[in-house]
Amino acid sequence: MATKIRLQRGGRKSYAFYSIVIADVRAPRDGKFTEKIGTFNPNTNPATVDLNFDRALYWVETGAQPTDTVRNILKGEGVYLMKHLRGGVKKGAFDEAEAQKRFDAWKNGKDAKASAVRENEAKAKKDAAAKELEAEKKVNEAIAKKVADKKAAEAAAKAEAEAAATEEAAPAEEAPAEA
């Protein structure tokens, strides 16, 4: 039986969520499968992969052929690196402890890069929020200044109107007094 490692689609419309499954080549995409070895969520940034590493390594070593997308996922998780290192152990190039040491060094480096990317994204988001806040403060200050200027103009106009009203009222009172 020819076996494939492939994605099985789930989730709702416009929000795909995939299961990584072992299936017969002849089975439909979302149909019968032999084993589920993980999940893949491309909607998060970066994409989230939850993989049973040992079972994935077993199936790759057994000869199951992954699809292109699953191959990239497995490479990113280090399954193919471990397969390569185990090949070196079988040939006698180095021992199992050395293989594990090399794999751990690779994994730590990969995790450090991923955490740096997450920190940079968080910092960029925080800086963007700060810039938006500053821009909003400037807009609010401009609006407050316009409102204050408008109130001052209204107060000046009201004072002028009152002054004009008192001037008109004063000569009107004096005129009958002279007569």
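Where a number appears in this text, it was derived from the coordinates with a stated rule and is not lab data. Computed from a prediction, not measured in an experiment: that's the story for all the values here. Positions of Cβ are backbone-derived with ideal geometry, glycine not excepted, and every protein chain shown enters the neighbour counts.
If I fit a long axis through the Cα atoms of helix 96-178 and take the longest principal axis of the Cα atoms of the chain, what angle between them do I get, 0 to 90°, rounded to 10?
It works out to around 10 degrees.
Express in % the proportion of alpha carbon pairs of the stretch 1-78 at distances exceeding 16 Å.
46
Relative to a virtual label point 7 Å from the Cα of R9 in the Cα→beta-carbon direction, which members of the stretch 32-67 show backbone nitrogen distances below 18 Å?
Once the point is set 7 Å along Cα→Cβ of R9, 32-33, 39-44, 67 turn out to lie under 18 Å by backbone N, inside the stretch 32-67.
Over the alpha-carbon set of the chain, work out the extent along each principal axis and list the three values in angstrom, largest first.
Largest to smallest, the principal-axis extents are 129, 40, 18 Å.
Relative contact order of the stretch 1-78: what whole-number percent is it, with Cα pairs under 8 angstrom and at least 6 residues apart?
RCO, the stretch 1-78: 29 percent.
Just report the Cα centroid separation between the stretch 113-157 and the stretch 37-98, whole Å.
The stretch 113-157 and the stretch 37-98 have Cα centres spaced 48 Å from each other.
Using label points projected 7 Å from each Cα along Cα→Cβ, tell me how many nm separate I143 and A97, to one decimal.
Placing both labels 7 Å along Cα→Cβ, they lie 6.9 nm apart.
Rounding to the nearest 10 and keeping the result within 0 to 90°, find how far the Cα-based axis of helix 53-62 lies from the longest principal axis of the chain.
That works out to roughly 40 degrees.
What is the calculated FRET efficiency for T69 to V117, with r their C-beta to C-beta distance and R₀ = 22 Å, to the nearest 0.05?
E(calc), rounded to 0.05, equals 0.60.
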